[in-house]
1. Filter region 96-117 down to residues that are closer than 27 Å to Q161 by Cα and in contact with a strand residue (DSSP E or B) (Cβ under 8 Å, 6 or more places away or on another chain), then give me how many there are.
2. Considering only region 95-138, how many residues are among the β-branched types (V, I, T), crowded, with 17+ Cβ neighbours inside 10 Å and over 17 Å from L152 (Cα atoms)?
3. What number goes with the only condition from (1) closer than 25 Å to Y114 by Cβ; (2) in contact (Cβ under 8 Å) with a residue 12 or more places away in the chain; (3) not hydroxyl-bearing (S, T, Y) that A85 does not pass?
4. Kindly check whether there is at least one residue in region 99-112 that is of a type outside the set (S, T, N, Q) and without any contact (Cβ under 8 Å) to a residue 40 or more places away in the chain.
5. How many residues does region 77-94 hold that are under 16 Å from the mean Cα position of the chain (by Cα) and either crowded, with 19+ Cβ neighbours inside 10 Å or part of a strand (DSSP E or B) (or both)?
6. Return yes when A118 is within 21 Å of P35 (Cα to Cα) and modelled with pLDDT of 90 or more and no when it is not.
7. Please tell me if L48 is under 20 Å from M14 (Cα atoms), exposed (fewer than 15 other Cβ atoms within 10 Å of the Cβ) and touching a residue at least 24 places away in the same chain (Cβ under 8 Å).
8. In region 139-188, which residue that is exposed (fewer than 12 other Cβ atoms within 10 Å of the Cβ) and within 30 Å of E49 (Cβ to Cβ) is modelled with the lowest pLDDT?
Amino acid sequence: MGDVRPAKQPELHMIVACDPGERVVGGIIVERYRPSECWLATYIAVRLEDRGKGVATGLMAEVARTIRLNGRSDWLLFAETENPALVPDAEAAWARTRLQVLTELDMRRVDIEYVQPALAASKRPCRDLFLLCYAQDAPNRTLPAARVMDFLRDFYAALHQQDSAELRRLTSELSHRDNVQTLPLVFARDDSVLGRARSISFSHHSVRRAYHHTQEALVSQATRGASAGDLR
């Protein structure tokens, strides 16, 4: 069967982590955007009782391996997470915990005034998020501004907002820069909360028929019983 995705929609990949008994202990969903060949990690989940065992670290390593096999050599992997300073007080502690975990997963903040496009017609653009980038392979921890612009154009276009005023602002800002700095996510690595992976296997699935609105269902199926973390 050929690729049946509508024009401008990303290709979804789901990676599932299983223990030796083939019990699902975690999973991650990433989107591949073309023609920019940038990727976006949208959901990661690990069962509560399996946290601190390196499952998330293993999932990220498998994502990087998958991207290297499928993408070009100068690939970029982005993600989103809440800015603790801009979310309600009741959510700030969890947002700070996410920053700690994402720091250990080699994520850094992209130094732009990011706005996420509205994910549905009934929603508004979101201004309380950081745009992150997987920095393990980023030379000097900077990103080419043109590549960041290409990703943003692909992302907004996939959500039918290629004429958004926010996108025009972001691309105008980036057009005056050669490179974009990536910044640390506040927390250091002194006390690891992730641990090391033990006896975990990973399976990869390319999801051809799934678009943005089906991701929550996919994560529910892949990690039922887990406490899911939405990187958005």
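The values are calculated or read from the model by the stated rules, or taken from the named source; none is laboratory data. Remember, predicted model here, so these are calculated numbers, not experimental data. Glycine gets a Cβ as well: all are built from the backbone with ideal geometry, and neighbour counts include every protein chain shown.
1. Matching residues across region 96-117 total 9.
2. Restricting attention to region 95-138, the residues satisfying the condition of being among the β-branched types (V, I, T) are 97, 101, 103, 110, 112, 115.
Cutting the leftovers down to crowded, with 17+ Cβ neighbours inside 10 Å gives us 101, 103, 110, 112, 115.
Next, from what is left, pick out any that are over 17 Å from L152 (Cα atoms): 101, 103.
Final tally of qualifying residues: 2.
3. The one condition A85 does not meet is (2).
4. Applying the first criterion (of a type outside the set (S, T, N, Q)) to region 99-112 yields 99, 101-102, 104-112.
Those left that are additionally without any contact (Cβ under 8 Å) to a residue 40 or more places away in the chain: none.
No - not one qualifying residue is present in region 99-112.
5. As a first pass, look at region 77-94 and keep what is under 16 Å from the mean Cα position of the chain (by Cα): 77-83.
Filter again for either crowded, with 19+ Cβ neighbours inside 10 Å or part of a strand (DSSP E or B) (or both), leaving 77-82.
The qualifying residues number 6.
6. Numbers: within 21 Å of P35 (Cα to Cα): no; modelled with pLDDT of 90 or more: yes.
Here the answer is no, as A118 does not meet what is asked.
7. yes
8. Once the filter is applied, the top-ranked residue is A188.
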